[in-house]
């Protein structure tokens, strides 16, 4: 059984999310973006600044952040704070969040983008590495989200976007750490939204955003595909490299989708999984069907249901 009309797939910026439509839309808003030094996080920070937001940018590499900060200041004339820290350092994240609210104002937008991923069969993996994925991809964003919620609840206003992944929706060898972490994050987003809605705090909207098929250092780096994959499935590494080479989405697709979500235009989809490639206007227009049939949610189908 199908529900509604499938939204068009886009592999580049499309009319509904064009930057020109959001000029000044986030004026005086404050955004806190992790994993902002390069790739998707950098594109998101730039899109938010272009729409008028002041931005706090977080990443481990200061030189990357300094380069991005210069773009935000000179090209978009927005205030920016630089925090070269690891997202798993809870005291550093707490201090950065407090400094942002003290110097830029209350945080309105949180983008939990920082993550780690690699392909390696679980049986050959170093368990400390496997668990580090959980700490980076689940514990760190959830710690940040709790900080943000405690601030946003006072005003009943804010947008929190956690970068999700299609890996959470399918089984694939070698991805047990990454896929498990992302499905945990997806479920957490939905559950937290339910809690907020239940207590009348629906002015705070959370989303799990799948950013599209974007080539990044996380997907193409030398350490992302471990040689142990060949022990499990000979030729698998070649197939994965060919698959990643076919990625064609620009990181700006996710960046502009974040702007769309941060303006509140998709409020009726709060708590759900959003795909950057899919026409967001078309999904919003069918929000009643989405809610009624509980679409864009993580579910398990059973016989007889």
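The values are calculated or read from the model by the stated rules, or taken from the named source; none is laboratory data. All figures in this text were calculated on a predicted structure; none of them were measured in a lab. Please note: Cβ atoms are built from the backbone with ideal geometry, for glycine as well, and neighbour counts cover all protein chains shown.
Would you pick out the residues in segment 1-55 that are closer than 30 Å to residue 90 by Cβ, in a loop (DSSP other than H, G, I, E, B) and touching a residue at least 60 places away in the same chain (Cβ under 8 Å)?
Residues of segment 1-55 closer than 30 Å to residue 90 by Cβ: 26, 28-49, 51, 53-55.
From what is left, the residues that are in a loop (DSSP other than H, G, I, E, B) are 26, 28-29, 35-38, 51, 53.
The answer is 26, 28, 29, 35, 36, 38, 51, 53.
Please name all residue pairs, on different chains or six or more residues apart, with Cβ atoms under 7 Å, provided the first residue is in segment 235-246 and is surrounded by 11 or more Cβ atoms within 10 Å (Cβ to Cβ) and the second residue is assigned to a helix (DSSP H, G or I).
236/229; 236/230; 237/229; 237/230; 244/219; 244/220
What residue, among those in segment 264-276 that are in contact with a strand residue (DSSP E or B) (Cβ under 9 Å, 6 or more places away or on another chain) and assigned to a helix (DSSP H, G or I), is nearest to residue 166 (Cα to Cα)?
Going through segment 264-276, the residues in contact with a strand residue (DSSP E or B) (Cβ under 9 Å, 6 or more places away or on another chain) turn out to be 264, 266-267, 269-276.
Now restrict to residues that are assigned to a helix (DSSP H, G or I): 267, 269.
Numbers: 267: 22, 269: 18 Å.
Among them, the one singled out is 269.
Yes or no, residue by residue, for (1) modelled with pLDDT of 95 or more; (2) under 15 Å from residue 136 (Cβ atoms):
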{"site": "82", "(1), (2)": "yes, no"}
{"site": "91", "(1), (2)": "yes, no"}
{"site": "102", "(1), (2)": "yes, no"}
{"site": "112", "(1), (2)": "yes, yes"}
{"site": "124", "(1), (2)": "no, no"}
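Do we find a residue being without any contact (Cβ under 8 Å) to a residue 24 or more places away in the chain, out of contact with any helix residue (DSSP H, G or I) (no Cβ under 8 Å at 6 or more places or on another chain) and surrounded by fewer than 23 Cβ atoms within 10 Å (Cβ to Cβ) anywhere in segment 145-152?
yes
Scan segment 199-213 for residues that are under 11 Å from the mean Cα position of the chain (by Cα) and farther than 15 Å from residue 187 by Cα and jot them down. Break it down stepwise before answering.
Taking segment 199-213 and keeping what is under 11 Å from the mean Cα position of the chain (by Cα), we get 206-212.
Correct list: 211, 212.
Across segment 221-263, which residue is modelled with the highest pLDDT among those that are in contact with a strand residue (DSSP E or B) (Cβ under 7 Å, 6 or more places away or on another chain) and outside any helix (DSSP H, G or I)?
226
Of these, 297, 279, which one is surrounded by fewer than 17 Cβ atoms within 10 Å (Cβ to Cβ), within 20 Å of residue 162 (Cα to Cα) and touching a strand residue (DSSP E or B) at 6+ places or on another chain (Cβ under 9 Å)? Walk me through it before giving the result.
Values: 279 fails: surrounded by fewer than 17 Cβ atoms within 10 Å (Cβ to Cβ).
Within the list 297, 279, the selection yields 297.
Quick one: in segment 96-118, which of the residues that are within 22 Å of the chain's Cα centre (by Cα) and over 21 Å from residue 38 (Cα atoms) is surrounded by the fewest Cβ atoms within 10 Å (Cβ to Cβ)? Outline the logic, then answer.
Kept after step one, since they are within 22 Å of the chain's Cα centre (by Cα), are these residues of segment 96-118: 96-98, 100-101, 106-118.
Now restrict to residues that are over 21 Å from residue 38 (Cα atoms): 98, 101, 106-108.
Details: 98: 12, 101: 16, 106: 15, 107: 21, 108: 22.
Among them, the one singled out is 98.
Test residue 191 against the stated conditions and say whether it is more than 20 Å from residue 88 (Cβ to Cβ) and either more than 19 Å from the chain's Cα centre (by Cα) or surrounded by 22 or more Cβ atoms within 10 Å (Cβ to Cβ) (or both).
In short, no.
Collect the residues in segment 164-220 that are modelled with pLDDT of 95 or more, part of a loop (DSSP other than H, G, I, E, B) and in contact with a helix residue (DSSP H, G or I) (Cβ under 9 Å, 6 or more places away or on another chain), keeping them in residue-number order.
201, 202, 203
Picking from 85, 71, 58, which residue would you name as being surrounded by fewer than 24 Cβ atoms within 10 Å (Cβ to Cβ) and out of contact with any helix residue (DSSP H, G or I) (no Cβ under 6 Å at 6 or more places or on another chain)? Please lay out each step first, then the result.
Numbers: 85 fails: out of contact with any helix residue (DSSP H, G or I) (no Cβ under 6 Å at 6 or more places or on another chain); 58 fails: surrounded by fewer than 24 Cβ atoms within 10 Å (Cβ to Cβ).
Of the residues listed, the single one that is surrounded by fewer than 24 Cβ atoms within 10 Å (Cβ to Cβ) and out of contact with any helix residue (DSSP H, G or I) (no Cβ under 6 Å at 6 or more places or on another chain) is 71.
Among the residues of segment 76-115, write down those that are more than 25 Å from residue 264 (Cα to Cα) and part of a helix (DSSP H, G or I). Before the answer, list the steps.
Taking segment 76-115 first, the residues more than 25 Å from residue 264 (Cα to Cα) are 82-96, 99, 115.
Matches in segment 76-115: 90, 91, 92, 93, 94, 95, 96, 99.
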